[in-house]
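Where a number appears in this text, it was derived from the coordinates with a stated rule and is not lab data. These numbers come from a predicted model, not from an experiment. We place every Cβ from the backbone using ideal geometry, glycine too, and count neighbours over all the protein chains shown.
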Amino acid sequence: MHHVTLDQWSRGGSALHRRDPRAKIATLIGFLVVLGTAHRDLAWLGAALFAILLAGLWSARLPLGPALARAGAVLPFTAVFAGISWLAGDPARGAALVMKSYLSALAVLLVVSTTPLPLLLRGMEMTGAPRFLLMVAQFLYRYLFVISEEAQHMRKAAAARGATVQGMAGNSARFKAAAGALAVLFARSYARAEDIHRAMLSRGFPGYFRPLSAPQFGRADSLFVTFLVISLIVIRIFIEKVA
Amino acid sequence: MHIPDGFLSTPVWAVMDAAAAPAVGYVVRKAQRGFDDAKVPLLGVMGAFVFAAQMINFPVGVGTSGHLVGGALLACMLGPAAASVVMCAILAIQALVFQDGGILALGANVFNMAIAGVLAGYLPYHLWGRGRGRRAAIFAGGTLSLLTSAMLALAELMISGVRMPGPVLGVSLALFVVSALVEGAITVAVVAALERIQPGVLRAPSAGRSPAFAALALVAILLAAGGVVFASTAPDGIERLAMQTGIASHARTLIATPLKDYQASWLGSGWPAQAAAGIAGLGLVYGACLMIGRKR
Amino acid sequence: MPPLILVNQLRYRYDDGTVALNGVDFRLEAGETVALLGENGSGKTTFALHLNGLLTGDGSVEVCGIAVNARNAAIVRRKIGLVFQDSESQLFMPTVLEDVAFGPLNQGLSPSKAAEVALTALEQVGMADVAGKAPYHLSAGQKKRVAIAGILATNPEILVLDEPTTFLDPPGQRALAGLLAGLPQAKILITHDIPFARATCTRAVFFRRGMIQQEGSVEEVTARQGWEFRPRRAE
Ligand SMILES: Nc1ncnc2c1ncn2[C@@H]1O[C@H](COP(=O)(O)OP(=O)(O)O)[C@@H](O)[C@H]1O
Ligand SMILES: [Mg+2]
């Protein structure tokens, strides 16, 4: 499954894995801005940035094929708009959409597959994002797979109940069965949240979370950000000047 | 509709990020109010529920199916501020873990779905959620929520210059309306089923009906409708429009004057200056958000 | 010595009107391990939730001589550790180590000290090697051990375990019985698993409809209640 792979990838030990999450977030934003604001010589810029991402994937010792394929998840959505642009007589814009969205997704993937999500959220918190929101996101991620599994069971149950009736009348029965399944899932999720809260209180939860460890932003991290962001800007200026 | 990175033009994503950041800070403050530490697990698990709910298909027509999006359902169950926070968390996880929606575009997606979509989804319930028209209000909420989000996304794409020829625009609008009605129907059906198994789960709309809230929600809906109309008058996008009216060239001379000799070679499009200005602007917003958002 | 737990005429009804406890009297002495038996819905879990003030009903509950109420909840929760039935709800932090360190951190230990305590607790249950993992990826037996470590790390005087063997296979059940036998704390075990209760408990109480209907040795109680599953022979 998707997230399990990502979770495993993110627990590697490469130099990229070891960078402070804030350093990776800042570099990612730099990358996305350099790519996102470009309008000229996109083919060259795209090739250069792709090479940088490949180097990143390689240095993080991530499997190239699966990583490149996973970033392709954006392509179906993009393809629709690219197709429309093409039909409307603007194939260049279509190509630009594909290139920009794919490379952006690959860059995000590189960061999340070298940083465990909780650590990434912690990095975002330390750069000022609201802690409450990030704790909600952390709990969401923690229980995503638990509740999804329950949903799988409910789906089977709903299908079994609705499957006996055929045709349009069946549609209405199946619609009701699905709504019933979602209602049960909601009620269970609600009860689970209550359970979790009780478990938290039982171990003395004082109303806020105390982190076990804080990532340290070291010299290597500052060098990492500075070097990469400046390189990205220089590459773009160079390409636009020479081409 | 999760907009990936690369679709929105720089002014659009920058403006949307700048608009979304303080809005998120505000809903977080509001959701946290009435200090209740049960909320973190509750909202997190509710987010996981909405995520998982996508696996359960609702048959629509022949051979097609839809699924719950959830903004309006959450707003009725948890109240609008908490629902916004849950939707924000969902969008963040989708963008990071599933590469569904971009990072620079996160502001736009958050604004469309977690802020405007939730506000619009709550408005009918807020106005008519008490009396006999409750079911109709919940249905309207689901519909309005999805419609508002989708129209905003469409407007942003068009303003960014993504091509939308007339027929395509027509088809997408029709699709939006259909999926919005489906969302309304699903929301009502789920609420009805829930009340059967757990009477009294639904939160009544909060007692003091604040006109400010209704106004805000209305603005969100009008923005969505107006955005599409405005965008369709500028089919080549706001940048082309700016170019035609001469704003862009004016800006360029302003930036380039001090660097006359080099401008052609180094600052061909003036983008580093533009980017710097943009980053400075975002920095200001960021600072403002830190001031608003810091509680502890 | 005063009893560790003293409960007097405890009654509780849920908001929807369900009467879950209907006059429970109970005491737990130091060094005891008591089995709570009884049908589903007879009030065992509700009873356990009263022991550390997660629910408060009519009647009195004292833990280590301290009355359990909203004001004393924080102190009581250091004395008594609750292991919930569903480990998935109990292990809510992103990694095993963070989860086990949650209690110590809340008790005010420094992060490094809390991590040390957590690792010791994980070693005690034989789970130190999964410290960096996400709880979701563990087996049911591993989850239960980690959940117990999370409680041991808070250093309680009493352990309460709600149906700890539910998702375990027979080897897992045996291993858990062995682990519990080695822990010095007084224990309350809510369980339907009679061999497990027989192997671990010195005494049993039987819940029926929110009351304790019978007390005695595990043998006596299960025999009297016809509580053990025995296939009936064909005549
Ligand atoms: N949150 C709740 N709301 C309403 N009724 C409940 C709740 N939890 C449990 N009950 C009811 O209280 C009774 C006792 O439940 P419980 O203590 O869980 O029993 P046991 O743990 O012995 O199976 C049951 O009838 C159950 O349905
Ligand atoms: Mg129980």
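General observations
- Treating r as the C-beta distance of C:Ala128 and C:Gln9 and R0 as 51 Å, the FRET efficiency rounds to 0.70.
- For q = 0.12, 0.22 Å⁻¹, Debye-computed log10 I/I(0) when each Cα of region A:1-87 counts as one equal scatterer: -0.49, -1.35
- Interchain or long-range residues, amide H under 5 Å from B:Asp100's placed H: B:Ala95
- Derived scalar couplings ³J(HN,Hα) [region C:199-204; Karplus, 6.51 cos²θ - 1.76 cosθ + 1.60; whole Hz; x for Gly, Pro]: 6, 10, 10, 8, 7, 9
- Taking 26 Å as the straight-line reach from the Cα of A:Lys241, the lysines in range (excluding those fewer than 8 positions away in the same chain) are A:Lys100, B:Lys260.
- Shielding score for A:37-47, defined as the mean number of other chain Cβ atoms within 10 Å: 2
- Computed from backbone phi with θ = phi - 60° and the Karplus coefficients 6.51, -1.76 and 1.60, the 3J(HN,Hα) list for region B:17-24 is 4, 5, 7, 6, 4, x, 5, 5 Hz; x is used for glycine and proline.
- Residues of type lysines that B:Lys30 reaches as a straight line, Cα spacing below 16 Å, ignoring anything fewer than 8 places off in the same chain: B:Lys39, B:Lys295
- Sorted largest first, extent of region C:86-147 alpha carbons per principal axis (Å): 30, 21, 15
- Calculated translational diffusion coefficient of chain A (25 °C, 0.890 mPa s; Stokes-Einstein with Kirkwood radius over alpha-carbon pairs) equals 114 µm²/s.
- Calculated FRET efficiency, A:Ala160 to C:Glu157, Cβ-Cβ distance, R0 = 45 Å: about 0.40 to the nearest 0.05.
- All other residues whose Cβ lies under 15 angstrom from that of A:Arg70 are scored, Lys and Arg at +1 and Asp and Glu at -1, for a net of -2.
- Take each residue of peptide B:161-171, count the partner chain Cβ atoms within 10 Å of its Cβ, and average: the result is 4.
- Here the protein assembly as shown carries DSSP beta bridges of which approximately 55% are antiparallel, counting only pairs with both residues inside.
- For region B:13-102, fraction of C-alpha pairs farther apart than 24 Å, in %: 28 percent
- Mean projection of the Cα convex hull over all viewing directions, computed for region C:1-98: 7.8 nm².
- A cut-off of 5 Å between modelled amide H atoms, ignoring neighbours fewer than 5 places along the same chain, links C:Gly23 with C:Leu10, C:Arg11, C:Tyr12.
- Peptide A:75-84 has a mean of 3 when you count, residue by residue, the C-beta atoms of other protein chains within 10 Å of its C-beta.
- Helix-derived mean residue ellipticity, 222 nm - over the protein assembly as shown, DSSP H n ≥ 4, -39500 (n - 2.57), to 500: -20500 deg cm²/dmol
- Projected-area average for region C:5-225 over all orientations - Cα convex hull basis, square nanometres: 11.8 nm²
- Relative contact order [Cα under 8 Å, 6+ residues apart], region C:109-235, whole percent: 16 percent
- Burial order of peptide ranges C:197-204, A:90-97, C:145-152 (average beta-carbon count within 10 Å, highest first): C:145-152, C:197-204, A:90-97
- Relative to its residue count, region B:60-201 spans a Cα convex hull of 136 Å³ per residue.
- Where only C-alpha atoms are counted, convex hull volume of region A:1-47 per residue in Å³: 114 Å³
- For the protein assembly as shown, the spread of Cα coordinates along the three principal axes comes to 97, 62, 55 Å, biggest extent given first.
- The residues neighbouring B:Gly117, those whose beta-carbon lies less than 15 Å from its own, together hold a net charge of -2 under the Lys/Arg +1, Asp/Glu -1 convention.
- Calculated FRET efficiency, B:Arg135 to C:Gln213, Cβ-Cβ distance, R0 = 41 Å: about 0.30 to the nearest 0.05.
- Here the 3J(HN,Hα) profile of region C:13-28, calculated from phi with Karplus coefficients 6.51, -1.76 and 1.60 at θ = phi - 60°, is 10, 6, 4, 7, x, 4, 8, 9, 10, 9, x, 9, 10, 7, 9, 10 Hz, Gly and Pro shown as x.
- Hydrodynamic estimate: the Kirkwood radius of region A:131-202 over Cα pairs, inserted into Stokes-Einstein at 25 °C and 0.890 mPa s, corresponds to D of 176 µm²/s.
- Here the protein assembly as shown is assigned +1 on the Cβ of each Lys and Arg and -1 on the Cβ of each Asp and Glu. Its dipole about the Cα centre then comes out at about 640 debye.
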